[in-house]
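S.K.: Starting off with a structure, shown below.
The values are calculated or read from the model by the stated rules, or taken from the named source; none is laboratory data. Quantities reported herein were computed from a predicted structural model and do not represent experimental measurements. Here Cβ is always computed from backbone atoms with ideal geometry, including for glycine, and neighbour counts include all displayed protein chains.
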Amino acid sequence: QNITQITIAKTDGSELVCYTNDGGKFTFSNDSIVIAPIYEMSEKLTISLNEIQKINISNFTSIDEQALANINIYPNPAADFLQISNPENINMQLAIYSLNGELMLTDEFIGNKQINIATFSNGTYLLLVNGKLFKFNKI
């Protein structure tokens, strides 16, 4: 599955990160941008063009689908640490986002990785690893 990351720099200095899947799209309607469907969310996201300073669109495709298929994230839900198993020992880039688009953490690693999430608020997060999207819950 291809995933498109849409990063919106807002005029108030905040940043919003959204994801669409293979069937997703974004369109312009009146004075707003409409993004749908957003990964793991059923409703469209509409943002006024007056609030947008810059939009960056990145497409993620996998070079090695088998290696990405072997990635495992556990435990889920997690309290203090999230473990990423990377049995193929490929170079990994990760980013963790809250469901409201806030970037919580970025990292790059080879092999397995333990991520400290103890300071995260309880809730659902999106973990992007080399273009593969995972959902996990912090308890």
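S.K.: May I ask you to verify whether residue 8 is surrounded by 14 or more Cβ atoms within 10 Å (Cβ to Cβ), at pLDDT below 70 and among the aliphatic types (A, V, I, L, M)?
M.R.: It is false that residue 8 is surrounded by 14 or more Cβ atoms within 10 Å (Cβ to Cβ), at pLDDT below 70 and among the aliphatic types (A, V, I, L, M).
S.K.: For the range 91-114, give me each residue that is among the hydrophobic types (A, V, I, L, M, F, W, C) and touching a Gly at 6+ places or on another chain (Cβ under 9 Å).
M.R.: 92, 99
S.K.: Filter the range 96-106 for residues that are buried (at least 16 other Cβ atoms within 10 Å of the Cβ), touching a residue at least 24 places away in the same chain (Cβ under 8 Å) and not aromatic (Phe, Trp, Tyr) and give the result.
M.R.: Within the range 96-106, 96, 98, 101 qualify.
S.K.: From the residues in the range 107-135 that are assigned to a strand (DSSP E or B) and modelled with pLDDT of 95 or more, which one is surrounded by the most Cβ atoms within 10 Å (Cβ to Cβ)? Reasoning before the result, please.
M.R.: Looking only at the range 107-135, we keep the residues that are assigned to a strand (DSSP E or B), and these are 107-110, 113-116, 123-129, 132-135.
Cutting the leftovers down to modelled with pLDDT of 95 or more gives us 114-116.
Numbers: 114: 11, 115: 21, 116: 10.
Among those that are assigned to a strand (DSSP E or B) and modelled with pLDDT of 95 or more, it is 115.
S.K.: Quick check on the range 61-72. Is at least one of its residues modelled with pLDDT of 85 or more, of a type outside the set (Lys, Arg) and either within 16 Å of the chain's Cα centre (by Cα) or under 30 Å from residue 115 (Cβ atoms) (or both)?
M.R.: Yes, because at least one residue in the range 61-72 is modelled with pLDDT of 85 or more, of a type outside the set (Lys, Arg) and either within 16 Å of the chain's Cα centre (by Cα) or under 30 Å from residue 115 (Cβ atoms) (or both).
S.K.: Provide a single number: the residues in the range 89-106 that are in a strand (DSSP E or B) and over 19 Å from residue 68 (Cα atoms).
M.R.: 5
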